[in-house]
Amino acid sequence: MRRYGQIIQLKPEYEGIYKELHRNPWPEVNEVIKECNISNYSIFLKDNLLFAYFEYEGMDFEGDMRRMGESEITKLWWEKTDPCQIPISSAGENEWWVNMEVVYHLD
């Protein structure tokens, strides 16, 4: 199992919409996330920054993320959530959510 932390900015004017979407996520989206070997997934918000934490239990992270991105239900969900977000300034050219470095973990 591998742990991931990711960060992205939330457009302040979309905070209510973003929270409402995640209060009632589409069950099919949750299923795709699970099918792509992601568990223990949480998103936190503070000062217009979204922090995501999840655990990945598969063998091909890039392949699973590609499969998630090709899912029609995921594409529809992202049409709702992506306008709410802005990549952080250090994001790469094609990077949306930016992976963070693990600097400490205690089991």
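Data overview
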{"quantity": "Residues being in contact with a helix residue (DSSP H, G or I) (Cβ under 8 Å, 6 or more places away or on another chain) and buried (at least 16 other Cβ atoms within 10 Å of the Cβ) - total across the range 4-20", "calculated": "3"}
{"quantity": "Hits in the range 95-107 (condition: under 15 Å from the mean Cα position of the chain (by Cα), farther than 18 Å from Leu45 by Cβ and not in a strand (DSSP E or B))", "calculated": "Glu95"}
{"quantity": "Residue match in the range 99-107 (condition: on the phi < 0 side of the Ramachandran plot and buried (at least 16 other Cβ atoms within 10 Å of the Cβ))", "calculated": "no"}
{"quantity": "Positions within the range 46-61 being free of Cβ contacts under 8 Å to residues at least 40 places away in the same chain and of a type in the set (D, E, K, R), in sequence order", "calculated": "Lys46, Asp47, Asp60"}
{"quantity": "Residue list for the range 1-19, filter: among the charged types (D, E, K, R) and closer than 16 Å to Lys46 by Cα", "calculated": "Lys11, Glu13, Glu15, Lys19"}
{"quantity": "Criterion violated by Arg23 - all others in (1) touching a strand residue (DSSP E or B) at 6+ places or on another chain (Cβ under 9 Å); (2) free of Cβ contacts under 8 Å to residues at least 24 places away in the same chain; (3) within 15 Å of Lys80 (Cβ to Cβ); (4) not acidic (Asp, Glu) satisfied", "calculated": "(1)"}
{"quantity": "Count of residues meeting criterion [outside any loop (DSSP other than H, G, I, E, B), of a type outside the set (A, V, I, L, M, F, W, C) and closer than 19 Å to Lys46 by Cβ] in the range 82-94", "calculated": "1"}
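This table checks each residue for (1) touching a residue at least 12 places away in the same chain (Cβ under 8 Å); (2) surrounded by 13 or more Cβ atoms within 10 Å (Cβ to Cβ); (3) under 12 Å from the mean Cα position of the chain (by Cα).
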{"position": "Arg2", "(1), (2), (3)": "yes, no, no"}
{"position": "Val32", "(1), (2), (3)": "yes, yes, no"}
{"position": "Tyr41", "(1), (2), (3)": "yes, yes, yes"}
{"position": "Phe44", "(1), (2), (3)": "no, no, yes"}
{"position": "Gly63", "(1), (2), (3)": "no, no, no"}
{"position": "Glu79", "(1), (2), (3)": "no, no, no"}
{"position": "Pro83", "(1), (2), (3)": "yes, no, no"}
{"position": "Ser89", "(1), (2), (3)": "no, no, no"}
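Read-outs throughout are calculated quantities, based only on the coordinates presented, and are distinct from any laboratory measurement. If you're wondering where the values come from, they're calculated on a predicted model, not measured in any experiment. Quick reminder, even Gly has a Cβ in these numbers, built from the backbone with ideal geometry, and neighbours come from all protein chains shown.
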